[in-house]
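The values are calculated or read from the model by the stated rules, or taken from the named source; none is laboratory data. These numbers come from a predicted model, not from an experiment. Note: ideal-geometry Cβ built from the backbone for every residue, glycine included; neighbour counts use all protein chains shown. In case anyone asks, the SASA skips ligands and DNA or RNA and just uses the protein heavy atoms, side chains included. Shrake-Rupley method; radii C 1.70, N 1.55, O 1.52, S 1.80 Å.
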Amino acid sequence: MENLVLVHVRPRHQKNVMAYRQAFLASGESMDGSSDLQDFTDFQAWYDQVQASSQRETVKAGWVPASQYICLQRGHQEVLGMLQFRHELNDYLKEIGGHIGYSVHPDYRNQGIAQTMLKEALKICYHQGMAKVLVTCHASNKASQKVIEACGGVRDESSFDPNSGEEVYRYWIQVN
């Protein structure tokens, strides 16, 4: 895939965001980095949460400020991936979630989209003045491990995700 771009999600993306959601519901897979899109049948309610989550003053209790992005191919509107950049870490994110969560549409896997999204997210982190970021994945997610390592991820201690019952690999990436 060429000419991929991360953009902030906007109301004009409603149809394509909800199609992305439906593809994941149909596949039964986890929709990481989507601000819990799987839990919303109403785009506007999800979008309102995304907007509230972007500001410290309005973020939900227990959450941290975050920015929600979608990945598009220039000139096209289909959502190929989603990425959430968490501006800081709380205890849960330090162990399980990390600074960056992402997913790729089930129909567009193994095309370099995840790696491109993560590289673009690292540029965002750099412009935010961050020196390093934490990116995590379940031990069973070999594809994500390869993506993180290809983007400079250095594995740190593992943790345990009580929600999934899986080991979580934690990677630090220097932002430069």
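Cβ under 14 Å from residue 42's Cβ, residue 42 left aside: what net charge do those residues give with Lys, Arg +1 and Asp, Glu -1?
-1
If 158, 144 are ordered by their accessible area, calculated over protein heavy atoms with a 1.4 Å probe, which sequence runs from highest to lowest?
Numbers: 158 45, 144 10 Å².
Most to least solvent-accessible, the answer reads 158, 144.
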- So, over other residues within a Cβ distance under 14 Å of residue 94, counting Lys, Arg +1 and Asp, Glu -1, the net charge is -3
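When the solvent-accessible surface of protein heavy atoms is calculated with a 1.4 angstrom probe, in what order do 10, 155, 21 fall, highest first?
Numbers: 10 85, 155 115, 21 30 Å².
Result, largest first: 155, 10, 21.
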- Note on the structure: HN-Hα couplings for region 164-176 via Karplus (6.51, -1.76, 1.60; θ = phi - 60°), in whole Hz with x for Gly/Pro, come out as 9, x, 10, 6, 10, 8, 10, 10, 9, 10, 6, 9, 8
- Message: For the chain, set up a GNM with springs between Cα atoms under 10 Å and report which of 72, 80, 25 has the largest fluctuation.
- Response: 25
- Note on the structure: Calc'd 3J(HN,Hα), region 144-160, phi into Karplus 6.51 cos²θ - 1.76 cosθ + 1.60 (θ = phi - 60°), Hz, glycine/Pro = x, comes to 5, 4, 5, 4, 4, 5, 5, 9, x, x, 10, 5, 10, 4, 8, 9, 10
- Query: Between residue 163 and residue 76, 0.36 nm times their residue separation minus their Cα-Cα distance comes to what?
  - Reply: 27.8 nm
- Message: With θ taken as phi - 60° and the coefficients 6.51, -1.76 and 1.60, list the Karplus ³J(HN,Hα) couplings across region 66-73 in order, rounded to whole Hz; mark glycine and proline as x.
- Response: 8, 10, 9, 10, 10, 9, 10, 8
- Mean residue ellipticity at 222 nm from the helices of the chain, using -39,500 (n - 2.57) per DSSP H segment of n ≥ 4 over the full residue count, to the nearest 500 deg cm²/dmol? -8500 deg cm²/dmol
- Note on the structure: Expressed in square angstrom to the nearest 10, the accessible area of residue 74 with a 1.4 Å probe stands at 140 Å²
- Query: Residue farthest toward the positive end of the dipole of the chain, with Cβ of Lys/Arg at +1 and Asp/Glu at -1: which of 134, 176, 34?
  - Reply: 176
- Task: Write down the percent of antiparallel bridges among all DSSP beta bridges whose residues are both part of the chain, to the nearest 5.
- Result: 95 percent
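When the solvent-accessible surface of protein heavy atoms is calculated with a 1.4 angstrom probe, in what order do 154, 50 fall, highest first?
On the way: 154 95, 50 10 Å².
Putting 154, 50 in descending order of accessible area: 154, 50.
Could you estimate the translational diffusion coefficient of region 104-176 from the Stokes-Einstein equation, with Rh from the Kirkwood formula over C-alpha pairs, at 4 °C and 1.567 mPa s, in whole µm²/s? Don't skip to the end; give the middle numbers.
Numbers: Rh = 12.9 Å.
So the translational diffusion coefficient is about 100 µm²/s.
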- Query: Taking amide hydrogens as modeled 1.01 Å from N in the peptide plane, which residues meet the under 5 Å criterion relative to residue 170, leaving out close sequence neighbours?
  - Reply: 156, 159
- With every protein chain present, what accessible area does residue 142 have (1.4 Å probe, heavy atoms only), rounded to the nearest 10 Å²? 120 Å²
- Query: Under a 5 Å amide H to amide H cut-off, with H placed in plane at 1.01 Å, what residues pair with residue 66 once short-range neighbours are removed?
  - Reply: 54, 55, 87
- Item | For the chain: rounded, prolate or oblate by the Cα gyration tensor [a/c cutoff 1.5] | rounded
- Task: Considering only 159, 140, 53, give the residue with the highest GNM mean-square fluctuation for the chain, with springs between Cα atoms whenever their separation is below 10 Å.
- Result: 140
